[in-house]
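The values are calculated or read from the model by the stated rules, or taken from the named source; none is laboratory data. None of the values given here were measured: they were computed from a predicted structure. Cβ: placed from backbone, ideal geometry, glycine included. Neighbour counts: every protein chain shown. Quick note on the areas: whole protein, heavy atoms, side chains included, nothing else; ligands and nucleic acids left out. Shrake-Rupley method; radii C 1.70, N 1.55, O 1.52, S 1.80 Å.
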Amino acid sequence: MKRGFTLLAIATALLLSFALYAALVIAPTEQTMGNVQRIFYYHVPSAWVAFELFLINFVASVFYLIRRSTKADILALVSAEVGVVFCTVVLITGPIWARPVWGIWWTWDLRLTLTLVLWLIYVSYLVLRRFSTSSQTPLLAAVLAVFGALDVPLVYFSIWFFRTQHPAPVIGGGGSLDPRMGWVLLYNWIAFMCLAWLVCWTRYRLEVAQRAVHESEAMQSLMEGAR
Amino acid sequence: MNANHYLYAAYIATWAIHGTYLYILARKAARVRKDIERLKRSG
C-alpha cells in the first residue's frame, strides 16, 4: 500500500513536470490569443477533474443513501473537498484568461454563473459537514450532494444548448484543435487526474484516522464517566 | 499588463491553490498524529 502510494507520488510529480513543460514549450502558440491561450492547459483539465470528482461524490452519496456505508460517506466527503479545490482553480484561472481576451474579468454568462453556483453548492456541502453536529449530517449531506450534482450536466451542456460568451467545447463540440494542442491537453488532464487521485488517497486515509481518534476519545470519555 | 503576465499569474495561482490545500492537509495530518500519540500515552 505504502509502496503503491510512493510510486503514484513519483509518477504524478514526473507527469506534472512534463505536462508543464509541454504546456509552455511543446504546445504551439495560438495565432489570435498568443501565449495567454496556454492557460487552457490548466483551466480545462482542472474543470474536467472537478466534474469527475463531483460525479464520484454523487455516486458515493447515492451508495451511502442505499447502504449507509461509512466508506462511501468518506469517499463522498473527500471527492467533494478535492473537487472544490479544482473548481476553485477553474474559477480563478478563467477570469485571468478572460481579462486579456474578452477585456473583462467576469461576466454573468450562463456557463460562468452555473460554475460559480456549482462551487457554492459544494462549499455549502463542506460547511454542512464541517459544522453540523447532528448524527444525521452524513444523510443530509448525501441528499444535498445528489441535488447538487444536477448542476454538473447543466454547467457542461450550457455551452452546447445556449449562446454564451464562453467558447464552444474543443472536443466533440465542432471546434477544431491542433493535434499537438490536443496531446498537451491530454497530458495535463492525466497529470491532474493523478494529482487528484493522490490527494484523495491521502485525504481518505486522514479522514479514517481522524474518525478513529474521535471514536477512541468518545470511548475514553465513556469509560471515565463509568468509573 | 503584458499578456504573458496573465499566463504566469494563472499558473502561479493554480499551484498556490494546490499548495495551500496540501499545506492544510499536512497540518491536519500532524494534528491527527499528535492525537494518536496522546491517546496511546493515556492508554
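Before moving on, here are some points about what is shown:
- Considering (1) open to solvent by 20 Å² or more (accessible area, probe 1.4 Å); (2) in contact with a Ser or Thr (Cβ under 6 Å, 6 or more places away or on another chain), the lone condition that residue A:86 does not fulfil carries the number (1).
- Residue tally, condition polar (S, T, N, Q) and over 14 Å from residue A:77 (Cβ atoms), over the stretch A:189-217: 1
- Scanning the stretch A:185-200 turns up no residue that is in contact with a helix residue (DSSP H, G or I) (Cβ under 8 Å, 6 or more places away or on another chain), within 13 Å of chain B (Cβ to nearest Cβ) and open to solvent by 50 Å² or more (accessible area, probe 1.4 Å).
- The stretch B:1-42, subset open to solvent by less than 90 Å² (accessible area, probe 1.4 Å) and assigned to a loop (DSSP other than H, G, I, E, B), residue nearest to the other protein chains (Cβ to nearest Cβ): B:42
- If the condition is being away from chain B (no Cβ under 14 Å), in a helix (DSSP H, G or I) and farther than 18 Å from residue A:48 by Cβ, then the stretch A:88-115 contributes A:110, A:113.
- Test result for residue A:206, assigned to a helix (DSSP H, G or I), at pLDDT 95 or above, in contact with a helix residue (DSSP H, G or I) (Cβ under 8 Å, 6 or more places away or on another chain) and at the interface with chain B (Cβ under 10 Å from one of its Cβ atoms): yes
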